[in-house]
């Protein structure tokens with residue numbers, strides 16, 4: 001935790017200027033405007049109470065019913081909706097805010113992962129017995145799972161920070177308004193990044209007219225902050241980088257290390273340990289050996305020669321805008337399973353516009369020359385070639401979807 005001389009936690013503005021002083025970022029007027037918005041929310045949160053069973057009882061209890069609304073004088077600040085083009089620093093700014101936020105019960109999560117979790121919670125609730133529903137604070141006959149699920153979420157997180165809010169699924173669209181209206185009423189503060197203005201969410205989606213009230217709710221509950229300057233920092237970091245190195249020797253390893261440093265704004269002379277990470281996938285943990293600023297590093301052996309599958313690869317594709325893989329071997333006939341996993345992995349990255357850098361034992365067209373599935377592997381070769389193009393490099397990170405997520 002950063003602290004000033006009085007022992008108070010520093011806010012996003014101080015954290016931003018500290019990064020500037022360290023040479024990790026350069027001053028950006030659009031970013032500074034958004035940081036000021038984050039600072040306002042930071043200051044409001046210093047006096048905002050955590051959500052507890054007691055506070056919810058006070059907010060929605062007997063006195064609240066008599067006087068209409070909350071029995072508390074707590075003033076809930078608006079959340080923040082940060083939107084704009086890719087590579088403008090939205091996630092970086094939200095990370096600064098999250099790290100400095102004075103709220104104890106807080107959570108940062110990818111929006112898609114959160115919605116998957118919500119649907120799983122709803123499914124569990126529908127299977128509960130009447131007695132179990134009463135024990136959870138609901139009526140035995142109450143078959144609406146949204147309020148109790150929202151309550152569970154609120155009790156765990158007074159502040160929720162979402163990365164990459166995008167609505168591409170009708171199941172999500174139909175749940176969002178009811179869920180978020182409950183979360184807001186319970187006092188949850190929400191901060192989110194998105195490539196789109198709220199008015200453009202779920203554009204061209206099925207039955208979009210049913211989603212319009214949710215958009216209006218977002219406009220009322222969020223302060224909107226546009227971050228859409230001319231500079232695409234992510235693309236600038238990628239310029240001049242090769243993406244496919246062969247053979248997979250010490251020279252390739254050194255080049256990929258330098259690329260990782262460039263992509264994460266680290267000095268090539270930096271000897272500090274790059275942190276690892278854990279992704280939770282369907283109750284399991286996927287280890288990410290190196291992870292920083294949306295860039296992940298894996299070995300081929302870890303991801304494609306072990307018991308990993310499509311769900312793991314999709315989680316990686318959603319969480320990271322760039323993936324570096326080292327040590328891709330020539331896939332002989334006896335490596336059929338590894339080849340299939342690699343195909344699935346590349347499909348997941350491609351469908352989410354993830355940038356891919358790697359070292360391999362041979363050119364892409366010679367990676368799997370023969371064996372079961374070698375014909376189908378030709379599509380993977382084609383995708384590997386396309387993923388090296390300037391057009392692919394300029395695409396925004398996120399799921400390719402007909403309703404216009406990107």
>> Give me log10 I(q)/I(0) at q = 0.13, 0.21, 0.26 Å⁻¹ for region 287-341, Debye formula, one equal scatterer per alpha-carbon, no solvent.
In response: -0.33, -0.80, -1.10
>> Which of 76, 301, 127 ends up with the largest GNM mean-square fluctuation for the chain, with Cα atoms connected below 10 Å?
In response: 127
> Counting DSSP beta bridges in the chain, what percent are antiparallel, to the nearest 5?
Replying inline: 25 percent
>> With N set to the number of residues, divide the alpha-carbon radius of gyration of region 285-392 by 2.2 N^0.38 Å and report two decimals.
In response: 0.99
> What per residue convex hull volume, in Å³, do the alpha-carbon atoms of region 132-195 yield?
Replying inline: 93 Å³
> Angle between the Cα long axis of helix 336-351 and the longest principal axis of the chain, 0 to 90 degrees, nearest 10?
Replying inline: 50 degrees
> Once both axes come from the Cα atoms, what is the angle between helix 29-45 and the longest principal axis of the chain, in degrees from 0 to 90, rounded to 10?
Replying inline: 40 degrees
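According to the square roots a ≥ b ≥ c of the eigenvalues of the Cα gyration tensor, what is the shape class of region 173-266, taking rounded for a/c under 1.5, prolate for a/b larger than b/c otherwise, and oblate for the remainder?
Prolate, because a/c is 1.5 or more and a/b exceeds b/c.
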>> What number do you get for region 96-241 when its Cα radius of gyration is normalised by 2.2 N^0.38 Å, N = residues?
In response: 1.20
>> Tell me the Rg and the Dmax, in Å, that the Cα atoms of the chain produce.
In response: 23.2, 76
> Looking at region 238-393, what % of its DSSP beta bridges pair antiparallel, to the nearest 5?
Replying inline: 40 percent
>> At a 10 Å Cβ-Cβ cut-off, how would you order 237, 178, 126, fewest neighbours first?
In response: 126, 178, 237
>> From the helices alone, meaning DSSP H stretches of at least four residues, give me the mean residue ellipticity at 222 nm for the chain, per-run term -39500 (n - 2.57), in deg cm²/dmol to the nearest 500.
In response: -13500 deg cm²/dmol
> Helix 374-386: angle to the longest alpha-carbon principal axis of the chain, degrees 0 to 90, nearest 10?
Replying inline: 70 degrees
> Taking Cα atoms of region 188-347, Rg/Rh with Kirkwood Rh, to two decimals?
Replying inline: 1.05
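Here, each number is a calculation from the coordinates, and none is a lab measurement. A quick note: this is a predicted structure, and the numbers were derived from the prediction, not measured. Every residue, glycine among them, receives a Cβ derived from its backbone with ideal geometry; neighbour counts consider all protein chains shown.
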